[in-house]
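The values are calculated or read from the model by the stated rules, or taken from the named source; none is laboratory data. This structure is a prediction, so every number in the text was calculated from the model and none was measured. Neighbour counts run over all protein chains shown; Cβ positions are idealised from the backbone, glycine included.
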Amino acid sequence: MSDMKFTRALADPDHALKPAGRPGPLGKPLVLANDGLPEEEKAWFCDAYPTASGPYKGILENFLNWARSKSLWILGFGTGCGAIELRPLMTSRFDMYRFGIQPRPTPRQSSVFVIGGYASVKTLKRIVRSYEQMMGPKFVVALGSCTINGGMYWDSYNTINAIEHYIPVDVYIAGCMPRPEALLAGFKELQRKIRRGECEGAVKYAENFEWYKANQKKVIHDWNMPDYNY
Amino acid sequence: MEPSIPLRIAYAFVSLAVITVYGLLLIGSMARISAKVQGRVGQPVWQPFIDIIKSSGKRNSISHGIMFWLGPVFRLAGGVGTYMFVPAVLGSVVFQNFSMSGDLLLVMYFIFFGQLGMALGASEGGHPYSAIGVSRGLAQMTAFEVPFALSIISIAVQYGTLDITKIVMAQQGGWQHWTLFTNPLAVVAAMIAFLGMSMHNPFSVVIAPQEIPIGPPTEYQSNLLGMLQTNRAVFNGAKLVLYMNLFFGGATNVPVMVVKTFLIYFINIFVGQAFPRFRVDQSIRFFLGVPTLIGIAAVVFIAF
Amino acid sequence: MRTIPADIAERFEVGPLVEKRADLSTLDVDSKDVPELLARLRDRHGYRHLSFATATDLFEEGVFVLTYMLHNHEERHSLGVKCRIGRENATMESCHLLWEQMWTYQREMKELFGIDFPGSPRVDESFVLEGWIDIPPMRREFDTREYSERTFPTRPGRSTKDPATHMKEKLYPEAL
């Protein structure tokens, strides 16, 4: 490693767009779920695809959507500086429990993922993993300018500029930082959207899985996890 | 007149439904009381219902094998089993459950059955926090078991029976006949064990928020989580009814049952909001110290 | 007024002691003397605490300046030991045996500047950047804006204003 000749390893700009898997039907590249892993670790993880379990129609789905909107469990993963705004939201001044919103420590049980501001590439990897481990229907609320267009980190070498290229987003809350009042307004808007049946991020993610995966792999260069972390 | 067997089963379902709804409302109202203590408005009283509907209405779920799936089933069986062998309301045809068929030892077994089933299932999830939570839960269970069992022995000696219905019968005829006044030492030991059993602060080492985030149910989701949430209500209700029967004179109608169980459960909140959480070793040592001595004193006091 | 201690002045070729503040001085030294000098400052002169170690890229002069900031708790005084190394194949002797936390700083410098510290523990592992494949981002020839535009897709419609002219337009429109 003493030979310090730095070359632009990115000579092939879309090298990451070529997945390691074999070509699938219709010429589209087929991404296998555990492609990113070394050969000996592949058997440890399941290689299932995400399946789009779409909304049912009718009164049952409306009722379930009402229940979902009234019971938003936030994944307790503070991905950026915006996570600090969730603390006043929880405690006595703003008290989000009034609206059925509460934090939950594990992605398996939570239904809302709050992206708290800028996401560095290292964090994005964890965001993708956590998002994929959540059970559908799942919703994403993105706080702050950084998640919308990069914010003050728009030209940083290590933070992504638009989170919606990597995971589907339901509600954006603008500001740097948005105050807890703005967060409450955002959560109310999310509840309205859920009740209207417009929050189908999990379905969108499953249907455009290849596109999201290619975007993720374009920025996450050391992909050492299964392609789909179910 | 004894009702026929199918009718008794139907009554049992009615009784179970009532205790589920009541248990969920109890959890909701206690969460709201805790919120008031913390200066918040708090969640709606019916929030537990919405949570269960939402959890059960998730579109996909994952499994880690048959044992993982059986964990919540065992847990629910433990909750239902505990409730089914305790008379919720004395003399009521609907709420007497199958109390004639089982005794105190069977109920005690069911209290711990759920925890053991959960231990098997949660470990299957493979998450380290599940395993830590389970080992903590079993250790703490073993610890609060000691004062609880001593208290039960004391009561069995006092009334000369293990039949819960007979124990309740013996306490009728005025508050001065309650175990609370005839055998106060046993009640104190059992109530301290109850704090540990309910896993509120300061004995919340199993779920332990901010420590091992949620403990055993880390990997449980969707309908399995809904099952666990339902069980929480049933199990709480069953334990409260059992305590009411053993120590506080039982109940001869539903309103009395509601008031008494509410007050018994309120002790948890009262203590929990006043004290911070123990560490695991502190919690276990606590149960093996003074509460155990009180339990021994209760047995000695009654036996001689 | 602080002076360079006599035993240091006679053993090493040290530059002048620059007093930045009452409690902060810097000292220029040749890069090959650094480990010895740090050891002597730590053991004989009370600078037992390593505050940080960092690098500065002097692109125009073709050198990196490494700064080791030490602190003397008795005298409440910080001393920055500075040395220069060439930018080409930048390599520096590792000082992780003096302070255990030094290897973290060296790992960071390896990743962000590309300065190698042979023998430092875990120096080749990634520190904050996982899977970085470009030149180290803190080197001045690295164009962070160009990299960001090339790598991270943006939402169209973003506009940027120069703060100075923008505030002038806002506050003193008559001056324009």
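Based on this model, can you work out whether B:ALA139 counts as touching a residue at least 40 places away in the same chain (Cβ under 8 Å) and surrounded by fewer than 17 Cβ atoms within 10 Å (Cβ to Cβ)? Break it down stepwise before answering.
Values: touching a residue at least 40 places away in the same chain (Cβ under 8 Å): yes; surrounded by fewer than 17 Cβ atoms within 10 Å (Cβ to Cβ): yes.
When the stated conditions are applied, B:ALA139 passes them.
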### Query
So B:ILE269 clears everything in (1) at pLDDT 90 or above; (2) among the β-branched types (Val, Ile, Thr); (3) within 18 Å of the chain's Cα centre (by Cα) except one condition, right? Which one?
(1)
#### Entry: All positions within segment B:28-51 that are part of a helix (DSSP H, G or I), among the polar types (S, T, N, Q) and within 9 Å of chain A (Cβ to nearest Cβ)
B:GLN47
### Task
Determine whether segment A:211-221 contains at least one residue that is free of Cβ contacts under 8 Å to residues at least 40 places away in the same chain and either hydrophobic (A, V, I, L, M, F, W, C) or more than 14 Å from chain C (Cβ to nearest Cβ) (or both).
yes
### Task
Inspect all residues belonging to segment C:113-123 and state whether any of them is more than 9 Å from chain A (Cβ to nearest Cβ) and among the aliphatic types (A, V, I, L, M).
no
### Query
Mind checking which pairs have a first residue in segment B:271-299 that is surrounded by fewer than 20 Cβ atoms within 10 Å (Cβ to Cβ) and a second that is among the polar types (S, T, N, Q) and modelled with pLDDT of 85 or more, Cβ under 7 Å, 6 or more apart or different chains?
B:GLN273/B:SER34
### Message
What's the total number of residues in segment A:165-192 that are buried (at least 17 other Cβ atoms within 10 Å of the Cβ) and not in a loop (DSSP other than H, G, I, E, B)?
### Response
11
### Message
From the list B:ASN201, B:ASN223, exactly one residue is touching a residue at least 40 places away in the same chain (Cβ under 8 Å) and within 18 Å of the chain's Cα centre (by Cα). Which is it?
### Response
B:ASN201
### Task
Identify the single condition in (1) more than 10 Å from every other protein chain (Cβ to nearest Cβ); (2) crowded, with 16+ Cβ neighbours inside 10 Å that A:ASN208 does not satisfy, given that it satisfies every other one.
(2)
### Task
Please indicate, with yes or no, whether at least one residue in segment C:161-168 is within 14 Å of chain A (Cβ to nearest Cβ) and surrounded by fewer than 19 Cβ atoms within 10 Å (Cβ to Cβ).
yes
## Note on the structure
Matching residues in segment A:95-118 (out of contact with any helix residue (DSSP H, G or I) (no Cβ under 6 Å at 6 or more places or on another chain), small (Gly, Ala, Ser) and under 25 Å from A:MET152 (Cβ atoms)) number 0
### Message
I'd like the full set of residues that are surrounded by fewer than 21 Cβ atoms within 10 Å (Cβ to Cβ) and of a type in the set (Phe, Trp, Tyr), limited to segment C:52-95.
### Response
C:PHE52, C:PHE59
### Query
Taking the condition away from chain A (no Cβ under 14 Å) and in contact with a helix residue (DSSP H, G or I) (Cβ under 9 Å, 6 or more places away or on another chain), does B:PRO184 pass?
yes
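Quick check, is B:PHE49 modelled with pLDDT of 90 or more and buried (at least 18 other Cβ atoms within 10 Å of the Cβ)? Break it down stepwise before answering.
Working: modelled with pLDDT of 90 or more: yes; buried (at least 18 other Cβ atoms within 10 Å of the Cβ): yes.
It is true that B:PHE49 is modelled with pLDDT of 90 or more and buried (at least 18 other Cβ atoms within 10 Å of the Cβ).
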### Task
Assess whether B:ARG59 counts as being of a type in the set (D, E, K, R) and under 30 Å from A:PHE63 (Cβ atoms).
yes
### Task
Please work out if B:GLY126 is under 19 Å from the mean Cα position of the chain (by Cα), closer than 30 Å to B:HIS64 by Cβ and touching a residue at least 60 places away in the same chain (Cβ under 8 Å).
no
### Task
Working carefully through the options B:SER92, B:SER63, find the one that is surrounded by fewer than 23 Cβ atoms within 10 Å (Cβ to Cβ), within 14 Å of chain A (Cβ to nearest Cβ) and either part of a loop (DSSP other than H, G, I, E, B) or in contact (Cβ under 8 Å) with a residue 24 or more places away in the chain (or both).
B:SER63
#### Entry: Failed item, numbered, when B:PHE68 is tested on (1) within 14 Å of chain A (Cβ to nearest Cβ); (2) part of a loop (DSSP other than H, G, I, E, B)
(2)
### Query
In segment A:171-193, which residues are touching a helix residue (DSSP H, G or I) at 6+ places or on another chain (Cβ under 6 Å) and either more than 16 Å from A:GLY151 (Cβ to Cβ) or free of Cβ contacts under 8 Å to residues at least 12 places away in the same chain (or both)?
A:VAL171, A:PRO180, A:LEU183, A:GLN191
### Query
Within segment C:33-47, how many residues turn out to be over 16 Å from C:LEU97 (Cα atoms) and surrounded by 13 or more Cβ atoms within 10 Å (Cβ to Cβ)?
2
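If the requirement is being buried (at least 17 other Cβ atoms within 10 Å of the Cβ), in a helix (DSSP H, G or I), among the aliphatic types (A, V, I, L, M) and out of contact with any helix residue (DSSP H, G or I) (no Cβ under 7 Å at 6 or more places or on another chain), which of these qualifies: B:LEU16, B:LEU25? Even if it seems obvious, please write down each step before you answer.
Working: B:LEU16 fails: out of contact with any helix residue (DSSP H, G or I) (no Cβ under 7 Å at 6 or more places or on another chain).
Matching residue, one of B:LEU16, B:LEU25: B:LEU25.
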### Query
B:ALA170 versus (1) more than 17 Å from B:PHE301 (Cα to Cα); (2) at pLDDT 90 or above; (3) touching a helix residue (DSSP H, G or I) at 6+ places or on another chain (Cβ under 6 Å): which is the lone unmet condition?
(2)
#### Entry: Residue list for segment C:104-149, restricted to those being aromatic (Phe, Trp, Tyr), surrounded by 20 or more Cβ atoms within 10 Å (Cβ to Cβ) and in a helix (DSSP H, G or I)
C:TYR105
### Query
Of all the residues that make up segment B:234-293, how many are outside any helix (DSSP H, G or I) and polar (S, T, N, Q)?
2
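Inside segment C:81-103, can you point out the residues that are among the aliphatic types (A, V, I, L, M) and part of a strand (DSSP E or B)? So that I can check it myself, show each step before the final result.
As a first pass, look at segment C:81-103 and keep what is among the aliphatic types (A, V, I, L, M): C:81, C:85, C:90, C:92, C:97-98, C:102.
C:VAL81, C:ILE85, listed by residue number.
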